[in-house]
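Novice: One structure coming up, written as structure tokens, with questions to follow.
The values are calculated or read from the model by the stated rules, or taken from the named source; none is laboratory data. Source: prediction; values computed, not measured. FYI the Cβ positions are ideal-geometry reconstructions off the backbone, even for glycines, and counts take in every protein chain you see. Quick note on the areas: whole protein, heavy atoms, side chains included, nothing else; ligands and nucleic acids left out. Shrake-Rupley method; radii C 1.70, N 1.55, O 1.52, S 1.80 Å.
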Amino acid sequence: MPESLAEIHHALGRLEAKIEAQRAHSQLLQAVLWLIVGGVLAAGFELFKR
């Protein structure tokens, strides 16, 4: 019985690590998208100023 509990605990730890890595990847992707959107907006303002 204690061995199966240890296996479940270990599996939960791995799942938590996967979720954390996916969250970090998602935040990185979101930051890159915001940089692209900001660049497009800045370029648009530059075009309209002329």
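Novice: Tell me, what ³J(HN,Hα) does each residue in region 12-22 have, in order and in whole Hz, if you take phi through Karplus 6.51 cos²θ - 1.76 cosθ + 1.60 with θ = phi - 60° and put x for Gly and Pro?
Specialist: 5, x, 5, 4, 4, 5, 5, 5, 5, 5, 5
Novice: If you put +1 on each Lys and Arg Cβ and -1 on each Asp and Glu Cβ, how big is the dipole of the chain around its Cα centre, in Debye rounded to 20?
Specialist: 460
Novice: Once label points are set 7 Å from the Cα along Cα→Cβ at both L29 and A11, what is their separation, rounded to one decimal in nm?
Specialist: My value for the distance between the label points is 2.7 nm.
Novice: Taking only DSSP H segments of four or more residues, each worth -39500 (n - 2.57), what value at 222 nm results for the chain once the sum is divided by all its residues, to the nearest 500 deg cm²/dmol?
Specialist: When only DSSP H runs of four or more count, the value is -36000 deg cm²/dmol.
Novice: Next question. What whole-number value in Å² describes the accessible area per residue of the chain for a 1.4 Å probe?
Specialist: Accessible surface, normalised per residue, equals 99 Å².
Novice: What number, in nm² with one decimal, is the all-direction average of the projected area of the convex hull of the alpha-carbon atoms of the chain?
Specialist: Average of the hull's projected areas for the chain equals 2.9 nm².
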